[in-house]
Amino acid sequence: MRRIETKCVQNGYTPKNGEPRVVPIYQSTTFKYDSCDYMGKLFDLEADGYFYTRLANPTVGCVEEKISSLEGGVGALMTSSGQAATLLAVTNICTAGQHVVCSAAVYGGSLNLLGVTLKKFGIETTFVDPDASLEELQKAIRPETRVVIGETISNPSLEVLDIEKFATLAHNNKIPLIVDNTFATPILCRPIDFGADIVIHSTSKYMDGHAVSLGGVIIDSGNFDWEASGLFDELTTPDESYHGIIYTKKFGKQAYITKARAQLMRDMGAAPSPQNAFLLNLGLETLHLRMRAHSDNALKVATFLANDKRVSWVNYPGLPDSKYKDLVKKYLPNGTSGVVSFGVKGGREAAIKTLDSLRLAAIVTHVADARTCALHPASTTHRQLTDEQLLEGGIGADLIRLSVGIENAADIIEDLDAALGNI
Ligand SMILES: *Cc1c(COP(=O)(O)O)cnc(C)c1O
């Protein structure tokens, strides 16, 4: 069994004699066959192969296989963005009239998707405090609840999920746990090892790592027993849109991920481009090196900020006094990723002054690429909110979100030191 560093570099593509060493970009929407009969078998999911890039493409397939091996899954489906991954992962097992329980500490896009848009489609979500006890969390479950969702390290609030607690909650109720592992990546945490059934990512962040391509991915652990649960008719009874295929009967452990591709990707069409899959693969080849560098640098930067008199507070799960110290030891022993948030004395004005004075770190809405970048939500992404509304959302007017890159940490700290000196 290969170690994870080797999988980052090598898995997913093994060229035969004389073939290209690097996975080629199959920039073709369609594929040619010699007989109608063979193509018919592909359409019936009887044979393996490609017919249309919305459903499968060789370049994309190689990257899916690599990511599945990194997370320890039985299969993966790449999507055009992280949002599309969340959408397909949920709607694959949840339809109108059913219900979702989701940690309140998740990405803003997930909050909107679940709380606003899917609600309009008849899927309701209850958001729960991820730090609540199992007994408290159980109160959110209804007979029609079909999935529990959490985020390993939440963007942007940096809360660490007790994955085993959430897995227990889900499994006690015969439903699966989906974990968004975007910030941790499989280098720092593999949620399937702790009971997650499905893992999702925005690959636009650390996996790509260079801010060049949007993407998302869903990984199926193969561990959830849909038949034993009895709650998932769509997986265990005939799919009329596929000549009555029963996914659990025909695909066993790969039932969930096959349905997501054959039914939802077919119908919703949020497919990735082969070019973007190629770029993502380049990022994945160095993911193991970059995640350690991001984590090491972020800890140094957070430590500098925590000791600076111009800074009023620092939130980084890797700091020794973090309230998540025990969870970090269990789930993130090799580092806590690259995002740090902090507040400056002097509130909104001082935060803006600090950001505008940065020279190395750039002001961008993105996080999680090789270059250090910073954001002041109160004056940009959240500028329509009042100071009171900001505080309610856990985002003070003084909050700066810093995505620490893989430059030399001393240069990042010098830049921050000089900017803070301008307040
Ligand atoms: C960015 C992000 C998403 C959404 O991904 P996109 O690729 O921007 O669509 C989902 N979850 C998390 C945790 C994210 O950080």
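By accessible area, using a 1.4 Å probe on protein heavy atoms only, the stretch 288-420 has 53% of its surface on carbon and sulfur. Here's the picture: charge each Lys and Arg Cβ at +1 and each Asp and Glu Cβ at -1 in the stretch 288-420, and of Ala378, His294, Leu390 the one pushed furthest to the positive end of that dipole is His294.
With K and R counted +1 and D and E -1, the other residues having a Cβ less than 14 Å from that of Glu414 yield a net charge of -3. Think of each Lys and Arg Cβ as +1 and each Asp and Glu Cβ as -1; about the Cα centre, that makes the dipole of the chain roughly 520 debye. Rounded to the nearest 10 degrees, the angle from helix 58-71 to the longest Cα principal axis of the chain is 60 degrees. Charged neighbours of Arg266, selected by a Cβ distance under 13 Å, balance to +1 (K, R count +1; D, E count -1). A Gaussian network model of the chain, with springs between Cα atoms under 10 Å, assigns the largest mean-square fluctuation among Thr125, Thr237, Thr53 to Thr237.
Grab the other residues whose beta carbon is less than 14 angstrom from that of Pro320, score K and R as +1, D and E as -1, and report the net. After counting each charged neighbour, the total is +2.
How large is the Kirkwood hydrodynamic radius of the stretch 249-336, counting all unique pairs of alpha carbons, in Å? 17.1 Å is the Kirkwood radius here. At the listed q of 0.09, 0.12 Å⁻¹, the Debye profile of the chain, built from one uniform point per Cα, gives log10 I(q)/I(0) equal to -0.57, -0.99.
Its DSSP H runs of at least 4 residues, each contributing -39,500 (n - 2.57), put the calculated 222 nm mean residue ellipticity of the chain at -9500 deg cm²/dmol, to the nearest 500. Pairs Lys139/Lys259; Lys7/Lys325; Lys66/Lys205: which exceed 24 Å Cα-Cα? As for pairs spanning more than 24 Å Cα to Cα, those are Lys139/Lys259; Lys7/Lys325.
Between Val212, Val339, Val147, where does the largest GNM mean-square fluctuation fall for the chain, given springs only between Cα atoms within less than 10 Å? Top of the fluctuation ranking is Val212.
The values are calculated or read from the model by the stated rules, or taken from the named source; none is laboratory data. This structure is a prediction, so every number in the text was calculated from the model and none was measured. Every residue, glycine among them, receives a Cβ derived from its backbone with ideal geometry; neighbour counts consider all protein chains shown. What goes into the accessible areas is simple: the full protein's heavy atoms, side chains included, and nothing from ligands, DNA or RNA. Shrake-Rupley method; radii C 1.70, N 1.55, O 1.52, S 1.80 Å.
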